[in-house]
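Engineer: Handing you a structure now.
The values are calculated or read from the model by the stated rules, or taken from the named source; none is laboratory data. Being a predicted model, the structure only gives us computed values, none of them experimental. Please note: Cβ atoms are built from the backbone with ideal geometry, for glycine as well, and neighbour counts cover all protein chains shown. All accessible areas refer to the heavy atoms of the entire protein, side chains included, with ligands and DNA or RNA removed. Shrake-Rupley method; radii C 1.70, N 1.55, O 1.52, S 1.80 Å.
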Amino acid sequence: MTNTYTDLATAGPEDEEFVDILEDIRRYSDLGFALRTFSPQPYKGAPPFTTAELNRVVLESQYMRYVAKEVAMERGSSVEKVREEASGILDEMSQNLQLGFIRLMAYTMNKVFKRLFSGIFVNIEGINMLQQAVQESPVILMPNHRSYVDFLVVSYVLFIYDIPIPVIAAGIPLAGMKIVGEILRRSGAFFIRRAIGSDKLYWAVLSEYVRTIVRNGFAPLEFYVEGFRSRTLKALTPKLGMMHMVLEPFFKGEVYDITLLPISISYDRVLEESLLAHELLGVPKPKESTMGLLKASRVLQENYGSMHVNFGHPLSVRQLCEGKINRSQYNLIPRDLPQKPTAEAQACVSWLAHLIVRMQEEGSRISPWSLMACLLLQFPTTVLTEEGLLWDQLTEKTLWLRRLMLDFGARLNWPDHIPDSDVMSSTVVLHRSIVHRKAGRVYLVQEDEPERKHPLSPEEGVMRTATAVLMLVSYRNQALHVFVRPALLAMAMLITKSSQKDELLSFFCFLQDVFSNEFIFIPGRSSQDFEEACCLLKKCGAIYVTQQEVTVSAAGLEVLSFLQELLKPFMDSYQLMFRYLCEEGDHVFTDKQFLLAVRNLATKLILSGELHTYEALSSDTQKNVLSALRRLEGVTKLNSENNEYKVNKAAVRRTGDMLSGKIRPQNLQAAPDARL
């Protein structure tokens, strides 16, 4: 197993072998596949546990006994009543993994996947390493989360390769789906409430349940470190609660080691593309229900291209945490008693979580469509909706961008046995819900409107166009992790107008801080990220680098211009929201008031021609701005229940001035009322 991020990022062959698991499966009957012999090799240290025994061990643990007494004293209730409540929580939560239901899911998934996807590609080396890892230590499977399809595809692949089926952390709404919820539970899902808050008993039951699964090697445990499905198809800032729970048995010395396994799931086309765009524009997310699932069956009539499931290199927590955490501190308190994590432990957990997300990004396969989306979004929207973009121009630029991405070390899902023109033509056909090609030009598709008594208002027209643009944005986002570090350096060079390395590094770090909710950066690696950006731009011939200076080459203008344009929607969106808070916003506001007001302002400015990006309309971008300003002390959260914020207009104005280059990093002095 490897240790440092650099080793991990470069581990494994560039052209690792992927096989299409659907190719063989299409030759056999679905029933024959589901009833095949399944004989996985479990973790060698795992005692033979049933689900009922697992639940009993959780409830009778010294930890739960201690917490039950504490809660009973706090509530003025009896211990028996609290333990009864804990038992009810566990009944609601726990999985009930059964092979018969795994076979039922395999039968169903077989039919669904063969209809949806032309192929599901899996890396054999990753599978082989996982088969070995599950026998040696408790394994935590950590896929990214871009689609509802993610939820069972890992179990489906493991069933095919005779690897133990995982138990999977899922949101409680899925449990409420009639029939389907129980099938998911018996396929290994355990269900977690969305809003736990300060419910001490619930936290105790959940954490002890997770720790017991890991401690005893009951089964591989699968969870999404990002917490939620990404509506933008970008990596999300990791959530640390579950991460700490799965690592605690190692911190306390209850297991010798734990294996973390990043899994990168990449789609040519995402089933929920239109739904996600509407959610970002404020349309409420449909409630998970069995009826909704049946209504969604029309997606089976569509083609979604291929899916790649890349099982990453197994990571030893023991090796990764060496020198980062002093585990002896856990010997000072009995293991069965609750312990508040130390600052050192929290920093270690955060570092590991960010590392996993970065590795998920590195392991993803980027489709030709993502490259095309990057380029299409750099043209004015009116060109895409009215004039159309010349097909030959798009083709030429896409092939240029493919070369740049390969220079940057990206892993592309670009067939090498098919002519490039055919690859691009078939890509446009696959994404005909977003663009169409006519008379040698490419146009943005806008949703068909039902017959109306009155014509579309200008504001409704903006939202209609925004839906199509945000669908395009989501596919661009799949490639952003490849470009973001060089793009931050390119933007620093543009704004500072400096070639001095120390000035560029300072502004680069500032941009990382501002946009740390948009892009994933491993804590404490800003200098290495800057050096990586320099290295990549130097490799493609865009810049010259000396010990003190970074200068642009004659051939580098095209590359730098592309990278700067890639970040421009984020820059413009953030500046718009800073402007709103400084000029028009109230000193105290709720998040709902902010989202609505910013959306109205952005719509108005798009119609007037002053704002050119539709990404300012996205609720995720708006929420990320609030998170950034809280971190930079531009806004303060006053009330958790009402989500009320107080704005420090001087600090927000100062942040905006620095982002636009009016204030240079070395000249930034934090005034008492405008501290950054």
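Engineer: Using a Förster distance of 60 Å, how high is the FRET efficiency between A195 and Y544, based on the Cβ-Cβ distance and rounded to 0.05?
Structural biologist: The value I calculate is 0.70.
Engineer: Looking at the P(r) of the chain, how many percent of alpha-carbon pairs lie beyond 39 Å?
Structural biologist: Above the 39 Å cut-off, the chain has 36 percent of its Cα pairs.
Engineer: Using a 1.4 angstrom probe on heavy atoms only, work out the carbon and sulfur share of the accessible area of the range 405-500 in %.
Structural biologist: That share works out to 53 percent.
Engineer: When the label point is put 7 Å from the Cα of R327 along its Cα-to-beta-carbon vector, which residues of the range 240-269 have a backbone N closer than 12 Å?
Structural biologist: Inside the label zone: 247-259.
Engineer: Quick check for you: with a 1.4 Å probe and neighbouring chains kept, what is the accessible area per residue of the range 6-165, in Å²?
Structural biologist: 48 Å²
Engineer: May I pose another question? At a temperature of 4 °C and a viscosity of 1.567 mPa s, determine how fast the range 519-676 diffuses translationally according to Stokes-Einstein, using the Kirkwood radius over alpha-carbon pairs as Rh; express D in µm²/s, rounded to the nearest whole number.
Structural biologist: For these conditions, the coefficient is 73 µm²/s.
Engineer: Report, in listed order, any pair from K239/K623; K285/K592; K604/K637 with a Cα-Cα distance greater than 22 Å.
Structural biologist: Table pairs above 22 Å Cα-Cα are K604/K637.
Engineer: Rounded to the nearest 500, what is the 222 nm mean residue ellipticity of the chain from helices alone, with -39500 (n - 2.57) per DSSP H run of 4+ residues and division by all residues?
Structural biologist: -16000 deg cm²/dmol
Engineer: Now for a different question. So, for the range 587-658, what is the accessible surface per residue at a probe of 1.4 Å, expressed in square angstrom?
Structural biologist: 46 Å²
Engineer: With θ set to phi - 60°, apply the Karplus curve 6.51 cos²θ - 1.76 cosθ + 1.60 along the range 615-629 and write out the HN-Hα couplings as whole Hz, x wherever there is a Gly or Pro.
Structural biologist: So the J values, rounded to whole Hz, are 5, 5, 7, 6, 5, 5, 4, 4, 5, 5, 5, 4, 4, 5, 5.
Engineer: Something else about it: Please report, as a whole percent, how much of the solvent-accessible surface of the range 82-140 comes from carbon and sulfur atoms (probe radius 1.4 Å).
Structural biologist: Working: 1180 of 2290 Å².
Result for the range 82-140: 52 percent of the exposed heavy-atom area is carbon or sulfur.
Engineer: Expressed as a rounded percentage, what relative contact order does the range 1-152 have, with Cα pairs under 8 Å and six or more residues apart? Please list the in-between numbers first.
Structural biologist: Numbers: 75 pairs, mean separation 71.3, N = 152.
47 percent.
Engineer: Right, something else. Hey, what's the range 400-517 come to in accessible area per residue, 1.4 Å probe, Å²? Mind dumping the intermediate values first?
Structural biologist: Values: 5130 Å² over 118 residues.
Accessible area per residue, the range 400-517: 43 Å².
Engineer: Here's another thing I want to ask about it. Could you please report the charge total around Q378, scoring K, R as +1 and D, E as -1 over all other residues with beta-carbon less than 11 angstrom from its beta-carbon?
Structural biologist: Summing Lys/Arg as +1 and Asp/Glu as -1 gives +2.
Engineer: Can you give me the pair-distance distribution of the range 317-454, C-alpha pairs, 5 Å bins, whole percents?
Structural biologist: 2, 7, 13, 14, 11, 8, 7, 6, 6, 7, 7, 5, 4, 2, 0
Engineer: If you don't mind, another one. Quick one: grab the alpha carbon gyration tensor of the range 26-97, order the square roots of its eigenvalues as a ≥ b ≥ c, and give me rounded if a/c is under 1.5, else prolate or oblate depending on whether a/b is larger than b/c.
Structural biologist: Because a/c hits 1.5 or more and a/b exceeds b/c, the range 26-97 counts as prolate.
Engineer: Quick check on the range 398-504: take the gyration tensor over C-alpha atoms, sort the square-rooted eigenvalues as a ≥ b ≥ c, and tell me if it's rounded (a/c under 1.5), prolate or oblate.
Structural biologist: Numbers: a/c = 3.19, a/b = 1.39, b/c = 2.29.
It is oblate, given that a/c is not under 1.5 and a/b is not larger than b/c.
Engineer: Excluding residues on the same chain fewer than 8 positions from K646, give the aspartates and glutamates whose Cα lies under 19 Å from its Cα.
Structural biologist: K646 reaches E583, E584, D586, D591, E633, D673.
Engineer: Give the lysines whose C-alpha is closer than 17 Å to that of K252, dropping any in the same chain fewer than 8 places away, or say none.
Structural biologist: K324, K340
Engineer: Here is a follow-up. Quick one: compute the contact order of the chain, relative version, from alpha carbon pairs under 8 angstrom and 6+ residues apart, as a percent.
Structural biologist: 13 percent
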